[in-house]
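Worksheet for the structure shown next.
The values are calculated or read from the model by the stated rules, or taken from the named source; none is laboratory data. Bear in mind the structure is a predicted one, so any value in this text is a computation, not a measurement. FYI the Cβ positions are ideal-geometry reconstructions off the backbone, even for glycines, and counts take in every protein chain you see.
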Amino acid sequence: MKRLGQLRTSLAGFDINGWWDRAVRNWRLTDDGTVALHESGWLVDGGPLSCTVRTGSKAEPSWFAGPGARLAPHGRGGGWGLIGASDLRRSLRGAFLPEDWGLTLQRLAPHSSMAVLGIPDLPAMDDAAREARLEAMRMGGVRRPLLTWSSILVCLNHCSSAPLHKDMCVGVVEHDPQGLRVQVLKMRERDGVLVPMRRKVGQLLPSPIGLAMRERRIAEDLARAAGDDRVAQALALADLPGLLALDGPGHERSELIRLENGDWVEVSGRSPDLPEPPELPAGLSTCDVVLVHGPGSEALTLALRDGLNLADGVAVDVAAPDAVARGSLVAAERLRDGIPIWFDFLPKLDTIVLERRQAKSCPLVGEDEDVEGGRDWRSPSPIKMYWPAGGNELRVWLRKEDAAHPRKAPAHIQRAPERNVEVLLHVEQSPAQGRAKLTLESREWAPLRENPAIVRWEDGDEDYRDWKTIIAAESLPPPSIPDRVILSAHRDMWYGANDLAGKLDSFDGHDFAPIAKALTHRSRLFWQSTDPVTAARQYYAVDSDGGRPDGVSDRHWDRLLEILGLAERQFLAGTNRNNDALRVLTWCFHLCPATVWPPVVAALTQEPGPDLAQGWQIIFPQGLGRIAKGGDAFRATISYLNGLPLAWNRNQQACASFLLSRNDDVFACMDRATIEQWAHMVQELMDQQRLNLESRSYIYLPTLIAGLVRWRLVEPTAFLMGEDPLADVLAQGIDQILEAAETTPLTKFVASVVQGYSLVRAYLDDQNVQPDILIRLFDLT
């Protein structure tokens, strides 16, 4: 013989319901206090109408449970004196108290190393209810607890004594306090073992046939028959109504009860017939066998079976009252041996994610996810989200199949990330074992890689809106797009100190230099304005769309067009000894004739010949960016830039930035691959700039980045943190430059670098953006 502590694995199966508690153990105590294995299961009868009773003082209470507690006079009424006080007795059929259930479990099967507790297969057995029962099992000394649906346990018990086979459909009807519980299971086979499969939550059919309603009706009948209010009051604390409710119809019994004044009276009663059962679901009539079970006497369950209205040909078997307890021991044995207990579905669980700023419902648990009961399941495909920069909290929308309303549940971390961090939402769950565990992990951020954050459903705010309404509200407007820049022009650049008009009037037909100088000149005409943006605005003689400013005379505008024609002819003929004619053409921006850009592209894409005048390395690429207009010119310019070795010099950066910032239709000539190539090239250039913030070689980079962000005209969430990885690429480079600036002497030029990159960085987060960012960046150069 062995002591209990020497037993390899002490197993127990429990059916605790407060009506009639039972446990079945794989061991029993012998007369000499040693432990003997009991392979077929040793039944421990907890008796009917279980309760806990308090002894000792209120300051030092001692509660006990088991059959002896029901027989104690404690809490039986004033006729028993002080010990009759109602607060000295708590029924297990009342409000669920884990400590009372723990005492009962420990009383029936102490020190169980592994145990299974049957739970009602009903929607009301939600996460909180299951967690409370797991807590009770731990309080009862169970080292490895497992909850299993009572319908599964009735089926498992039946498997051990009756022939079932694969694909058989098994119905289970259970006597519930409020009516009948109904479930339909499908038998599957795994490694030669039959395993029941559950595909949905059991159904409650409310009816007067329920045990609680039956007990209430019996108590009313007994009180009416007694005709004495004192007896009616004592019956409320007596066992007789509950015992008769558990008896089969016609069974008689009596109880000697004590009245408030201490007198004794014997009350007798007879168990009534069962009322008509509720209409059963049609699915039961398609089952191969229906098992009927209840915690009451076998006679009561037989009467219940006889009243069921099932289709002809459906076999109906009555399960023994201890079927749930014995099925629990079978489940515990399978758990110990690694044999599947049952297959279950997981309640659907959905969250809301943003894709391209549009909210959509995303399943965390698939509809057809079959999981082995007693084993942990982890979602194979986590949901990608972003933890916001600077935030210690992230709230996740959750909709659970077994909850009335969705919630926005929080997760917390101690240290907030400095930038948006990609996180993965995982679900871990074991059927029937309490709440699903939701965790947020990160592969790239150490704090969440080492200690995942927990999403706490119970701390979430319940939202009474329907799921579709929430989704619609969560969708975000498209992110901001930098306005196309049109460099401003003003008449003062014609008639003021710049005097373009005078230079046009004095042009000799050969020397384009004075006109070119006047066209390239820009000036802050309103530098005295109190508005810093207006004060910084710079003006040309011709705007970047080739537009004529107000106040310029027709004569002078026509003269400019005439000279442009002459410059075009001389440039195409190659008769110029310098680049002045091309400067005139390109500084008229889109007013430049379309015949000019092809030879410019040709010169840039072939080995430069001896006829190219000094300074061509600046005027040709920058000029191309200024004059390119239309699909052919755009494609040729993009092809030229794509053919350059990385990384671009300042003039090539200027060409690309002019192209992207001043034209909307250029993006129809581009693809994502080109955008990605240019973005990565920009990142490399920022890495170089970070080492020398005073260098003028990178003054066009902020404008180029803002131009790339205008790809949102094609792809709305391009370069958006949390949506496009390219945003992370550029944000990292910008952040490093801004960090480097903190340790660099703040000259006027470095300040302009910081200001420019700060304007661009806001667009990556789409927060506090300036729509006119491109003209602001131009004013900084």
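At a glance:
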quantity: Residues of the stretch 523-550 satisfying the condition of being buried (at least 18 other Cβ atoms within 10 Å of the Cβ) and among the charged types (D, E, K, R); calculated: Arg537, Asp543, Arg548
quantity: Residues located in the stretch 365-385, provided they are modelled with pLDDT of 85 or more and under 14 Å from the mean Cα position of the chain (by Cα); calculated: Pro382, Ile383, Lys384, Met385
quantity: Residue in the stretch 660-670 that is surrounded by fewer than 16 Cβ atoms within 10 Å (Cβ to Cβ) and modelled with pLDDT under 95 present; calculated: no
quantity: Criterion (surrounded by 19 or more Cβ atoms within 10 Å (Cβ to Cβ), out of contact with any Leu (no Cβ under 6 Å at 6 or more places or on another chain) and modelled with pLDDT under 95) met by exactly one of Leu604, Leu591, Leu624; calculated: Leu604
quantity: Boolean, Gly296 is at pLDDT 95 or above and over 43 Å from the mean Cα position of the chain (by Cα); calculated: yes
quantity: Some residue of the stretch 658-675 being within 21 Å of Val584 (Cα to Cα) and in a helix (DSSP H, G or I); calculated: yes
quantity: The stretch 85-124: number of residues that are part of a helix (DSSP H, G or I), of a type in the set (D, E, K, R) and in contact with a helix residue (DSSP H, G or I) (Cβ under 9 Å, 6 or more places away or on another chain); calculated: 3
quantity: Hits in the stretch 412-421 - residues which are surrounded by fewer than 18 Cβ atoms within 10 Å (Cβ to Cβ) and either in contact with a Cys (Cβ under 7 Å, 6 or more places away or on another chain) or part of a strand (DSSP E or B) (or both); calculated: His412
quantity: Lone qualifier among Met187, Met168 - being more than 29 Å from Glu131 (Cβ to Cβ), touching a His at 6+ places or on another chain (Cβ under 9 Å) and not assigned by TED's automatic domain parsing to the domain that holds Ser430; calculated: Met187
quantity: Filter result (surrounded by 12 or more Cβ atoms within 10 Å (Cβ to Cβ), more than 18 Å from Ser661 (Cβ to Cβ) and not aliphatic (A, V, I, L, M)) within the stretch 607-621; calculated: Gly615, Trp616, Gln617, Phe620
quantity: Matching residues, the stretch 232-251, being aliphatic (A, V, I, L, M) and touching a residue at least 12 places away in the same chain (Cβ under 8 Å); calculated: Ala234, Leu235, Ala236, Leu237, Ala238, Leu240, Leu243, Leu244, Ala245, Leu246
quantity: Yes/no for Asp499 being at positive phi and either in contact (Cβ under 8 Å) with a residue 40 or more places away in the chain or not assigned by TED's automatic domain parsing to the domain that holds Lys400 (or both); calculated: yes
quantity: Among (1) at pLDDT 85 or above; (2) farther than 30 Å from Phe343 by Cβ, the one test that Val421 misses; calculated: (1)
quantity: Residue identified as at pLDDT 95 or above and under 23 Å from Gly79 (Cβ atoms) among Leu240, Leu259, Leu274; calculated: Leu240
quantity: Every residue from the stretch 508-522 that is surrounded by fewer than 18 Cβ atoms within 10 Å (Cβ to Cβ), in contact (Cβ under 8 Å) with a residue 24 or more places away in the chain, over 60 Å from the mean Cα position of the chain (by Cα) and not in a helix (DSSP H, G or I); calculated: Gly509, Asp511
quantity: In the stretch 390-402, residue nearest to Ala129 (Cα to Cα) [restricted to those that are surrounded by fewer than 17 Cβ atoms within 10 Å (Cβ to Cβ) and out of contact with any Gly (no Cβ under 8 Å at 6 or more places or on another chain)]; calculated: Asp402
quantity: The stretch 373-396, residues that are closer than 30 Å to Leu726 by Cβ and either in the same structural domain as Ser150 (by TED's automatic domain parsing) or in contact with an Asp or Glu (Cβ under 7 Å, 6 or more places away or on another chain) (or both); calculated: Lys384, Tyr386, Ala389
quantity: Given (1) in contact (Cβ under 8 Å) with a residue 24 or more places away in the chain; (2) more than 19 Å from Ala136 (Cβ to Cβ); (3) buried (at least 20 other Cβ atoms within 10 Å of the Cβ), number of the condition Ser86 does not satisfy; calculated: (3)
quantity: Top-ranked residue of the stretch 759-781 - restricted to ones that are of a type outside the set (A, V, I, L, M, F, W, C) and assigned to a loop (DSSP other than H, G, I, E, B), ranked as farthest from Arg419 (Cα to Cα); calculated: Thr781
quantity: Members of the stretch 156-192 that are touching a Pro at 6+ places or on another chain (Cβ under 7 Å), in contact (Cβ under 8 Å) with a residue 40 or more places away in the chain and more than 29 Å from Gly18 (Cβ to Cβ); calculated: Arg190
quantity: The stretch 184-200: number of residues that are buried (at least 18 other Cβ atoms within 10 Å of the Cβ) and more than 16 Å from Ala331 (Cβ to Cβ); calculated: 1
quantity: 3 or more residues of a type in the set (Asp, Glu): qualifying helices (runs of 4 or more DSSP H) within the stretch 160-274; calculated: 211-226
quantity: Restricting the stretch 197-231 to residues that are in contact with a strand residue (DSSP E or B) (Cβ under 7 Å, 6 or more places away or on another chain) and free of Cβ contacts under 8 Å to residues at least 40 places away in the same chain, the residue that is nearest to Ser151 (Cα to Cα); calculated: Gly210
quantity: Residue match in the stretch 190-203 (condition: under 36 Å from the mean Cα position of the chain (by Cα) and within 23 Å of Leu302 (Cα to Cα)); calculated: yes
quantity: The one condition in (1) in a helix (DSSP H, G or I); (2) surrounded by 22 or more Cβ atoms within 10 Å (Cβ to Cβ); (3) in contact with a Lys or Arg (Cβ under 7 Å, 6 or more places away or on another chain) that Gly756 fails to fulfil; calculated: (3)
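Yes or no, residue by residue, for (1) of a type in the set (S, T, N, Q); (2) modelled with pLDDT of 85 or more; (3) within 28 Å of Trp342 (Cβ to Cβ); (4) touching a helix residue (DSSP H, G or I) at 6+ places or on another chain (Cβ under 7 Å):
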site	(1), (2), (3), (4)
Glu393	no, yes, no, no
Pro410	no, yes, no, yes
Thr439	yes, yes, yes, no
Arg443	no, yes, no, yes
Lys468	no, yes, no, no
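Yes or no, residue by residue, for (1) in the same structural domain as Thr717 (by TED's automatic domain parsing); (2) closer than 30 Å to Ser657 by Cα; (3) in a loop (DSSP other than H, G, I, E, B); (4) hydroxyl-bearing (Ser, Thr, Tyr):
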position	(1), (2), (3), (4)
Val423	no, no, no, no
Ala432	no, no, yes, no
Pro447	no, no, no, no
Ser480	no, yes, yes, yes
Val485	no, yes, yes, no
